[in-house]
1. Would you mind telling me which numbered condition in (1) modelled with pLDDT under 95; (2) open to solvent by 50 Å² or more (accessible area, probe 1.4 Å); (3) among the charged types (D, E, K, R) ASP65 fails?
2. Quick one: count up the residues across the range 171-205 that are touching a Lys or Arg at 6+ places or on another chain (Cβ under 9 Å) and assigned to a loop (DSSP other than H, G, I, E, B).
3. What single numbered condition from (1) β-branched (Val, Ile, Thr); (2) more than 18 Å from LEU34 (Cα to Cα); (3) assigned to a strand (DSSP E or B) fails to hold for VAL135?
4. One residue is enough: does the range 74-83 have a residue meeting the conditions open to solvent by 70 Å² or more (accessible area, probe 1.4 Å) and among the aromatic types (Phe, Trp, Tyr)?
5. With respect to PRO36, is the statement that it is modelled with pLDDT under 95 and either out of contact with any Cys (no Cβ under 8 Å at 6 or more places or on another chain) or open to solvent by 50 Å² or more (accessible area, probe 1.4 Å) (or both) true?
6. Quick one: SER30 ticks every box in (1) modelled with pLDDT under 85; (2) within 24 Å of LEU185 (Cβ to Cβ) bar one, so which box is it?
7. For the range 87-104, which positions are surrounded by 19 or more Cβ atoms within 10 Å (Cβ to Cβ) and not polar (S, T, N, Q)?
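The values are calculated or read from the model by the stated rules, or taken from the named source; none is laboratory data. Keep in mind that what you see is a predicted model, and the values were worked out from it rather than measured. For neighbour counting, all protein chains shown are included, and Cβ atoms are generated from backbone atoms with ideal geometry for every residue, glycine included. With ligands, DNA and RNA removed, areas are computed over all heavy atoms of the protein, side chains included. Shrake-Rupley method; radii C 1.70, N 1.55, O 1.52, S 1.80 Å.
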Amino acid sequence: MRRSAPLLLLPLLLASGATLSAQSPHIGFSLNLLFPTGDFASQTYPAYFSPSAGRVIAPQKETYDVGLGGSFTVSFPVDRSLAIRLNLSGSAENGTNRAPGETSINLRHSQFNLGGDLQIFPQGTAFRHRGLYFVAGLSADFEQFDRSFGDPLYDYTDTTRKSRMGGSLGLGHSFGYDAGMRFTLEATFHKTLTSHDVAAGDPPATDFVKVGFGFVF
C-alpha cells in the first residue's frame with residue numbers, strides 16, 4: 001500500500017489533461033543543485049553487535065554531498081495569477097558511510113520525480129510567466145540507494161529502491177521580456193512525506209533544498 005501511494009498522482013495529472021490542453025503552455029528546462037538537509041545531509045547510527053562479524057560495530061556516520069540534477073517543466077496558466085505546472089526531474093548525490101576502524105562505504109542516491117505544482121504570480125503575470133512567483137507541489141519520487149566498497153560509479157554491491165510521496169515549497173523569478181525566452185531562478189525545499197520510518201526499515205527521508213537555474217519560453 002505504501003509503495004503505490006506515489007502513483008495516486010498519475011490519475012490526477014491525466015484527468016487534468018483536457019483542461020490544460022486548452023491553455024497556452026510555457027515549456028522550461030533547468031539545471032539544479034541539491035543541498036541535502038536534516039538526516040539526509042548527515043545521520044549517525046548507534047553502535048551495534050554484528051553476529052556475522054562476531055563483534056560490536058562502531059557508530060556509523062552517513063553523509064551526502066551536494067547533488068546535481070535537471071528538470072523539464074510545462075506550465076499552464078489558468079488565470080492572471082495562477083498556473084498549473086507539470087514537473088519531470090532527476091538528480092543524483094554521492095555520499096560516504098564512515099565508522100572508526102571500518103572500511104568506508106561508498107553511497108549513491110539517485111531519483112526520478114514526477115510532480116504537479118501550483119505557481120502563484122502575485123503581480124498577475126502568469127500568462128506571460130514573468131516576474132516573481134511562489135510554487136508548491138506534490139511529487140511521486142522513484143528513488144535508488146546504492147552502497148559499495150569499490151568504485152562509486154560502477155561497483156555497487158547493494159541496492160535499495162523506494163517509491164514514495166514528496167512535497168515541495170518555494171519561490172522563483174522569471175527574468176526577461178514578455179515574448180521570447182526568459183531565464184528563471186528557483187529555490188524550493190523538498191520533503192519526503194511517506195515511507196521514511198528508519199525503525200521500520202525504510203531509507204531516511206531525502207529532504208533537500210533545490211536551487212535551479214534555467215529558461216522558459
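1. (1)
2. 11
3. (2)
4. Scanning the range 74-83 turns up no residue that is open to solvent by 70 Å² or more (accessible area, probe 1.4 Å) and among the aromatic types (Phe, Trp, Tyr).
5. So PRO36 does not fit the description; no.
6. It is condition (1) that SER30 fails.
7. GLU93, GLY95
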